[in-house]
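One structure is given below, encoded as structure tokens.
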Amino acid sequence: MSWVDVLRARETDFRRAPSAHNTQPWTLDYRADEVVIGTDPARALPGSDPTGRDLALGLGAFTEACLIVAADVGLSVACDLGDPHRIRLVAAPARYATTFTAAEVAARRVARGAYTPGVVLPESVPGLDAGLVHLPSRALAADLEVADRWLFGTPASARELREWLRLDPADPRYHQDGLTDRALELNRFEARVLGMALRAYPMMSRLGGPALLAASGRGLLRYDGSVWVLTARGSNSEMGRGIDRERDLRQDGRRLLRVWLTLARHGLAVHPLSQLLDCPATAARLAERVGATPLAVFRVGRPVREPVSSFRLTPSARSLLR
Ligand SMILES: Cc1cc2nc3c(=O)[nH]c(=O)nc-3n(C[C@H](O)[C@H](O)[C@H](O)COP(=O)(O)O)c2cc1C
């Protein structure tokens with residue numbers, strides 16, 4: 001059995017990597033002595049992620065998950081992020097140096113419900129690399145409402161949200177991908193209202209629906225908690241262009257997964273709030289607050305309830321979709 005076959009047998013493990021809207025936008029091409037990771041354009045989010053930031057971060061996180069799983073099964077594998085169109089996993093002289101395991105990759109999950117009050121500073125968590133800025137959650141509460149109003153009020157974002165929401169367990173795609181009612185911690189009533197509002201777009205938009213939907217998340221940051229911002233390092237900048245920007249963002253996506261895994265190791269969960277970066281007004285204010293280019297923003301804390309595990313396409317289901 002070649003190393004490629006051994007890694008392929010563990011595909012279910014590295015498919016646990018996170019992706020925006022749980023679109024799982026990666027494609028895998030298993031070759032004789034390399035694995036080529038690409039992107040499925042049908043699973044990109046051009047409306048809510050027009051700069052491709054989250055797509056590149058997600059690809060980086062997926063690559064990191066592949067490397068951790070490979071190391072865990074004793075394979076010496078490295079990645080080549082130089083090509084903007086694909087990522088290559090190649091044989092390497094030594095195993096990838098990581099302390100994370102495939103079990104930790106599999107167990108990680110975001111938590112979108114309530115967190116117990118309490119501030120978590122990056123410097124209080126051992127093993128984190130630099131580039132994380134702490135903000136008190138209340139400081140971003142008003143901006144989150146603005147960003148949510150933007151999210152629900154921008155037709156392309158609202159359309160993508162509707163496409164990737166899985167609010168009914170009878171949906172044939174419920175167990176495959178997207179955001180389920182349970183992952184969003186919505187009760188039956190909330191799931192119904194959200195589903196109806198997004199189906200009734202654009203009428204709902206004209207009737208002030210975005211403001212109402214945004215108001216429903218008003219309490220999310222109004223507690224004594226923490227929001228962390230992952231910032232670009234050194235000369236890396238989201239504003240950069242072309243190949244360099246793409247490669248930097250993929251490296252940042254690898255870093256993002258390592259941060260989330262480190263937090264999980266300490267019993268801490270995350271809840272990304274990317275709308276704060278997608279909405280131009282709140283993104284500009286956030287950049288000013290942190291004095292750097294923000295790449296990802298997420299609540300950090302101890303969830304009151306154990307979050308559910310989200311679904312993934314199985315390798316066989318994915319190959320049938322091709
Ligand atoms: C780059 C990136 C951006 C994300 N943005 C958001 C977000 O704005 N809101 C949110 O609730 N989840 C966000 N997520 C989390 C994904 O929705 C989540 O990873 C996916 O649903 C799979 O769930 P899991 O991480 O619990 O396995 C983001 C994930 C990534 C990698």
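The values are calculated or read from the model by the stated rules, or taken from the named source; none is laboratory data. Just so we're clear, the structure is a prediction, and the values are computed from it rather than from any experiment. Cβ: placed from backbone, ideal geometry, glycine included. Neighbour counts: every protein chain shown.
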What number of residues within the range 272-293 satisfy the criterion of being within 13 Å of the ligand (Cβ to nearest atom) and free of Cβ contacts under 8 Å to residues at least 24 places away in the same chain?
1
List, please: which pairs have Cβ atoms under 6 Å, are six or more places apart or on different chains, and start with a residue in the range 161-188 that is assigned by TED's automatic domain parsing to the domain that holds Pro210 and modelled with pLDDT under 95 and end with one that is surrounded by fewer than 18 Cβ atoms within 10 Å (Cβ to Cβ) and in a loop (DSSP other than H, G, I, E, B)?
Glu185/Gly113
In the range 1-22, anything within 15 Å of the ligand (Cβ to nearest atom) and farther than 16 Å from Ala65 by Cα is listed as His21
Quick test for you: out of Ala130, Ala92, Ala106, pick the one residue that is surrounded by fewer than 22 Cβ atoms within 10 Å (Cβ to Cβ), small (Gly, Ala, Ser) and within 16 Å of the ligand (Cβ to nearest atom).
Ala106
May I ask you to list the residues in the range 147-177 that are surrounded by fewer than 17 Cβ atoms within 10 Å (Cβ to Cβ) and among the hydrophobic types (A, V, I, L, M, F, W, C)?
Ala156, Ala170
If I filter the range 169-182 for residues that are within 15 Å of the ligand (Cβ to nearest atom), of a type in the set (Val, Ile, Thr) and more than 30 Å from Arg192 (Cβ to Cβ), do I get at least one hit?
no
Mind listing just one residue for me: the one in the range 29-46 that is surrounded by 17 or more Cβ atoms within 10 Å (Cβ to Cβ) and touching a helix residue (DSSP H, G or I) at 6+ places or on another chain (Cβ under 7 Å) and, of those, farthest from Trp150 (Cα to Cα)?
Val35
